[in-house]
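See below for the structure under consideration.
The values are calculated or read from the model by the stated rules, or taken from the named source; none is laboratory data. Just so it is clear, the model here is predicted, and its values are computed rather than measured. No Cβ is skipped: glycine too gets one built from the backbone with ideal geometry, and neighbour counts run over all protein chains shown.
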Amino acid sequence: MDVEKIIKERRSAKNFIEGEPISREELNDIFELVRYAPSCFNLQHAKYIVITDPLKKDKLMEAAFKQYKIHTASAAILVLGNKDEYLNAENLYEGMLNLNILNKQEYDMTISTIHGLYKGRGDEFKRDEAIRNACLSAMLFMLAAKDKGWETCPMIGFDPDKIKNMLGIPDNLVPALLITLGKADPSKQGTRGYRKPTNEFVEFV
């Protein structure tokens, strides 16, 4: 499937066919593509928790205001952003230093710039960056899933504190989105909603 077709045919699936399993291998194929998502300074803030166990999905559904699509989905994927990913910059860039892609001066300057940005702008910026970069990754996940024949639905209708407690998520990880994934029930797929023409949301200056 080409990119234009994927973009135009991707829909937020509200109804999934129950009992359609997705294998770990299929999920790994999707995540192999997600690795290429853009992120600030290539820090790769996004973290994913994949839930396929029916009992755990139903427990998750309770924390998501009982939205039934979680029950019927093949998997529910929690997308998290790491507020402290900048602290891992040295490890991420060390390989480039060792391969002489960066010299020592460039490496030190890059690390100093990253730390200066995140520490200088404070906790609100770290949280915003975690969510921003997690959402960039999540969009690529949904497009990659569509390319592999799976439908998705991004969701923010959940209690983040309940989900963090349920899954034992540390405070440095911020829940950005919950994505349900499965095979959509075509008999329950509605008409696509109105899309604004480009001149209503694009301005050239």
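Results for (1) surrounded by fewer than 21 Cβ atoms within 10 Å (Cβ to Cβ); (2) outside any helix (DSSP H, G or I); (3) in contact with a helix residue (DSSP H, G or I) (Cβ under 6 Å, 6 or more places away or on another chain); (4) among the β-branched types (Val, Ile, Thr), shown as yes or no for each residue.
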| position | (1), (2), (3), (4) |
| --- | --- |
| Arg132 | yes, no, no, no |
| Leu136 | yes, no, no, no |
| Gly149 | yes, yes, no, no |
| Cys153 | no, yes, no, no |
| Gly157 | yes, yes, no, no |
| Lys164 | yes, no, no, no |
| Arg195 | yes, yes, no, no |
| Val202 | yes, yes, no, yes |
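I'm told Met1 meets every condition in (1) part of a loop (DSSP other than H, G, I, E, B); (2) within 16 Å of Thr152 (Cβ to Cβ); (3) at pLDDT 95 or above except one. Can you identify the failing condition by its number?
(3)
Can you tell me which residue among Pro197, Pro175 is in contact (Cβ under 8 Å) with a residue 60 or more places away in the chain and of a type outside the set (Gly, Ala, Ser)?
Pro175
Quick check: anything in segment 62-77 assigned to a strand (DSSP E or B), in contact with a Ser or Thr (Cβ under 7 Å, 6 or more places away or on another chain), under 13 Å from Leu178 (Cβ atoms) and at pLDDT 95 or above?
yes
Report yes if Leu143 is aliphatic (A, V, I, L, M), under 18 Å from Lys83 (Cβ atoms) and surrounded by 15 or more Cβ atoms within 10 Å (Cβ to Cβ), otherwise no.
Values: aliphatic (A, V, I, L, M): yes; under 18 Å from Lys83 (Cβ atoms): no; surrounded by 15 or more Cβ atoms within 10 Å (Cβ to Cβ): yes.
Judged against the criteria, Leu143 is not a match.
Using beta carbons and a limit of 6 Å, which pairs, at least six apart or on different chains, have the first residue in segment 142-161 and without any contact (Cβ under 8 Å) to a residue 60 or more places away in the chain and the second one part of a strand (DSSP E or B) and surrounded by 21 or more Cβ atoms within 10 Å (Cβ to Cβ)?
Taking only residues 6 or more apart or on different chains, the pairs are Pro160/Pro175.
Give the residue that is farthest from Pro160 (Cα to Cα), with candidates limited to residues of segment 78-119 that are assigned to a helix (DSSP H, G or I) and small (Gly, Ala, Ser). Quick ask: steps written out before the conclusion?
Step one: filter segment 78-119 for residues assigned to a helix (DSSP H, G or I), giving 85-98, 104-119.
Retained after the next criterion (residues that are small (Gly, Ala, Ser)): 89, 95, 112, 116.
Details: Ala89: 27, Gly95: 35, Ser112: 33, Gly116: 29 Å.
Ranking the qualifying residues of segment 78-119, first place goes to Gly95.
Against the definition (on the phi > 0 side of the Ramachandran plot, assigned to a helix (DSSP H, G or I) and not small (Gly, Ala, Ser)), how does Phe41 come out, yes or no?
Judged against the criteria, Phe41 is a match.
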